[in-house]
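Q: Just dropping this structure here.
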Amino acid sequence: MTTIIDIHEVSKSFGGVVANEEVSMSVEKGGITGLIGPNGSGKTTLFNSIVGYHPIDHGSIRFEGEEISTLPVQKIARRGLLRTFQQTRIYGAMNCVENMLISMPHRKMSFFDAFSRNGEEDYDRADALLDFVGLYEKRFLRSGSLSFGQQKLLEFAMALMNEPTALLLDEPTAGINPTLINGLIDRLKRANTDFGITLFIIEHNMRVIMNMADKIYCLAHGRLLAEGTPEQIQNDQKVVDAYLGAH
Ligand code: ADP
Ligand code: MG
């Protein structure tokens, strides 16, 4: 196995709040890695650091062997490392296809000339990916009219438009009803197996992450508490006390 994202002793504070302290993790290429931990344990902060959303205070983050912790978001995205958000970021007034077409940062398109510059193959890919997530029938509907879960699926499809090497997902199933969750898990797994995309997933739903990940890291109070297979994590008393016990 090769490490694709190597996080080494990363620390990040906001004023007096230590969000991450000396966190080290490695994400294996082609795998599905999970990140769990109670609210406020620093999961989202770590994702923000990885994708270049803010500078880190200490440590190193390597992607495919190269230091990226000093690079801006766009440069990291162009290297194939993307993330989705805890809150969806779609344009509600635009339809699904339009959202797909403006979701490619490497194109450097402005909001308004997005459509004129898109080629036939972009439309084809948008259609194929909307079909992949089960939104093909709804592709010309205003995306704001979709259910929350469908918007999450759209956001996932938008990320796939960029053909990421690795995709970071921040609580992809939060707020989604159980029926749609199963569909989303299935699509995430297929993105991993069929498209070969490395996934790094923050997930609150234990059933979901235990079912998907080959390796899980657990944060508590900004520090790494435990790491291991789903079985090891489930049986780790520190995790049970700090995390599972709190739910
Ligand atoms: P999680 O995603 O695990 O719930 P976060 O990474 O969002 O945790 O937050 C970790 C800690 O850092 C929390 O105490 C939070 O209030 C703080 N924090 C996160 N982002 C900011 C920010 N931009 N400014 C100030 N404090 C922040
Ligand atoms: Mg969070």
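The values are calculated or read from the model by the stated rules, or taken from the named source; none is laboratory data. These figures come from a predicted structure and were not determined experimentally. With ideal geometry, Cβ positions are generated from the backbone for all residues, glycine too; neighbour counts draw on all protein chains shown. Just the protein is used for accessible areas: all its heavy atoms, side chains included, with ligands, DNA and RNA removed. Shrake-Rupley method; radii C 1.70, N 1.55, O 1.52, S 1.80 Å.
Q: Suppose accessible area is computed on protein heavy atoms with a 1.4 Å probe; arrange 186, 131 from highest to lowest.
A: On the way: 186 70, 131 95 Å².
Greatest to least solvent exposure: 131, 186.
Q: Tell me, what HN-Hα J-couplings in whole Hz come from the Karplus equation 6.51 cos²θ - 1.76 cosθ + 1.60 at θ = phi - 60° for each residue of the stretch 172-177, using x for Gly and Pro?
A: Couplings: x, 9, 4, x, 9, 6 Hz.
Q: Follow-up. I'd like to check one number: the per residue accessible area of the chain, probe 1.4 Å, reported in Å² as a whole number.
A: Details: 11350 Å² over 247 residues.
On a per-residue basis, 46 Å².
Q: By its C-alpha gyration tensor, with a ≥ b ≥ c as the square roots of the eigenvalues, how is the stretch 1-43 shaped: rounded for a/c under 1.5, else prolate for a/b larger than b/c, else oblate?
A: Values: a/c = 4.18, a/b = 1.87, b/c = 2.24.
Oblate, because a/c is 1.5 or more while a/b does not exceed b/c.
Q: Identify the residues of the stretch 36-52 with backbone N under 19 Å of a label point that sits 7 angstrom from the Cα of residue 70 along the Cα-to-Cβ direction, or state none.
A: Answer for the stretch 36-52: 49-52.
Q: Using a 1.4 Å probe and ignoring any ligands, DNA or RNA, find the accessible area of residue 58 and quote it in Å² to the nearest 10.
A: Using a 1.4 Å probe on the heavy atoms, I get roughly 90 Å².
Q: Hey, another quick one. How large a share of the accessible area of the chain, in percent, is made up of carbon and sulfur atoms when the probe is 1.4 Å and the other protein chains stay in place? Write out the running numbers ahead of the final one.
A: Values: 5610 of 11350 Å².
After summing per-atom areas, the C and S share lands at 49 percent.
Q: Please arrange 206, 161 by accessible surface area, largest first, computed with a 1.4 Å probe and ligands excluded. Walk me through the intermediate numbers first.
A: Numbers: 206 40, 161 0 Å².
Result of the area sort, largest leading: 206, 161.
Q: Amide H of residue 35: which non-local residues (sequence gap of 5 or more, or other chain) have their own amide H closer than 5 Å, using H built in the peptide plane?
A: Placed amide hydrogens put 201, 202, 203, 217 under 5 Å from residue 35.
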